[in-house]
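Inspection log for the structure reproduced underneath, given as structure tokens.
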Amino acid sequence: MTQLRTVQVLGGGSAGSSAHVRSLAAGLVARGVRVTVCAPAALEQVYDFPGAGAHFAPLPRRSDPMAVGALRAACAGADIVHAHGLHAGVRAALALSGQRIPLVVTWHTRSHSEGASRHVLRLLERRVARAATVVLGTCSELVDRARERGARDARLAPVAAPQSCAQRGQQGKTRAELGIVDRPLLMAVGSLVPHRGYATLLDAARRWRGLETVPLLMIAGEGRERAALQRRIDDEHLPVQLLGGRDDVADLLASADVAVLPSRWEARSLLAQEALRLGVPLVATAVGGVPELVGDAAELVPYGDASALADAVTRLLSDPARRTALSAAGRAQAATWQTEDETIAQVLSVYDELVSAGLR
């Protein structure tokens, strides 16, 4: 039997999609599939795709006129090309133009844009949805969106976040190192960009200043909004610390009393998955795929409502029994999610289906 050959394409590569491709590559290689990962060179240094058994082909920048040609060359002879994210899908569609290689595109999340660029984004989504043989959406809302944009075949394909080694029962040491001993700790994680909802989170933090014991909010992540957020924290004397990029996020989260996810939109939030697995009570916005992901195992609030967000956190901090119940519910909910092995098996079944149908 001929060995199946697949090319995995990443564009900018969010942490979630890049980690998924690393996991997918390792799982496919272990099942006898030949895998090439095409991505910006910087991602190889972080995710070590060759360490997963994949061949790595660096991609030039999107603005480089040679980028599409380089990707076309890397895809030559492939049985399946699988692009991850909108920009990777656009590049793959251009590279495969005129060829009979099936294109699978996973929509991991929604892109965010305002004004005139919103129309351009819609056109790009339509281009990718119609070019793909199959679109895989990580939540039901993304599947519906792909169908609205003209996808011939759109399917739900939840992506499992890799398990961490952090444990909830070992938070004392981390809290001591952070200097958090006698006050509640709140944790938020994610890039410092507008759609993450940190402006609303700071509005909520202003309300927590009036509590008898003021909680400390720590935000792990970097991004273009850092300077503006820090100015607000300083000017308003908010009980908030920006931690920057961290490689111990799971340990920090395991040490928290409550995790907070204030985003405008999420599909399968890594923070939400990690919090529920660890049994950390979660307050999150009821947006995108979050309700589908967490079920009844988190407190959900409307996006942009600082009052609702502040009140939900305050209620949890004052109610140990509710926190204990959410902790147990979170672990139970996490046990229902698709595993990494099941995710890889689902993707491989799609590949086999397309190859067997003679779409190559």
Q.
Can you report the number of residues in region 304-324 which are surrounded by 14 or more Cβ atoms within 10 Å (Cβ to Cβ) and under 23 Å from residue 257 (Cβ atoms)?
A. 13
**Q.** region 292-347, residues that are assigned to a helix (DSSP H, G or I), more than 24 Å from the chain's Cα centre (by Cα) and not hydrophobic (A, V, I, L, M, F, W, C)
**A.** 307, 311, 314, 315, 320, 322, 323, 324
**Q.** Residue list for region 65-103, restricted to those being assigned to a helix (DSSP H, G or I), within 22 Å of the chain's Cα centre (by Cα) and of a type in the set (Val, Ile, Thr)
**A.** 90
**Q.** Some residue of region 32-51 being modelled with pLDDT under 90, within 19 Å of residue 111 (Cβ to Cβ) and hydrophobic (A, V, I, L, M, F, W, C)
**A.** no
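Listed here are the residues, each with its yes/no results for (1) under 18 Å from residue 277 (Cα atoms); (2) modelled with pLDDT of 95 or more; (3) assigned by TED's automatic domain parsing to the domain that holds residue 269; (4) aliphatic (A, V, I, L, M).
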position: 300; (1), (2), (3), (4): yes, yes, yes, yes
position: 312; (1), (2), (3), (4): no, yes, yes, yes
position: 318; (1), (2), (3), (4): no, yes, yes, no
position: 344; (1), (2), (3), (4): no, yes, no, yes
position: 350; (1), (2), (3), (4): no, yes, no, yes
Q: Have a look at 83, 67, 157, 132 and point out the one that is among the aliphatic types (A, V, I, L, M), touching a helix residue (DSSP H, G or I) at 6+ places or on another chain (Cβ under 8 Å) and at pLDDT below 95.
A: 67
Q: Could you figure out which of (1) of a type outside the set (Ser, Thr, Tyr); (2) part of a loop (DSSP other than H, G, I, E, B); (3) at negative phi isn't true of residue 32?
A: (3)
Q. Of the residues 254, 259, which single one is in contact with a Pro (Cβ under 8 Å, 6 or more places away or on another chain), buried (at least 20 other Cβ atoms within 10 Å of the Cβ) and small (Gly, Ala, Ser)?
A. 259
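The values are calculated or read from the model by the stated rules, or taken from the named source; none is laboratory data. Everything numeric in this text was worked out from a predicted model, so none of it was measured. All Cβ positions, glycine included, derive from the backbone under ideal geometry; neighbour counts span all protein chains shown.
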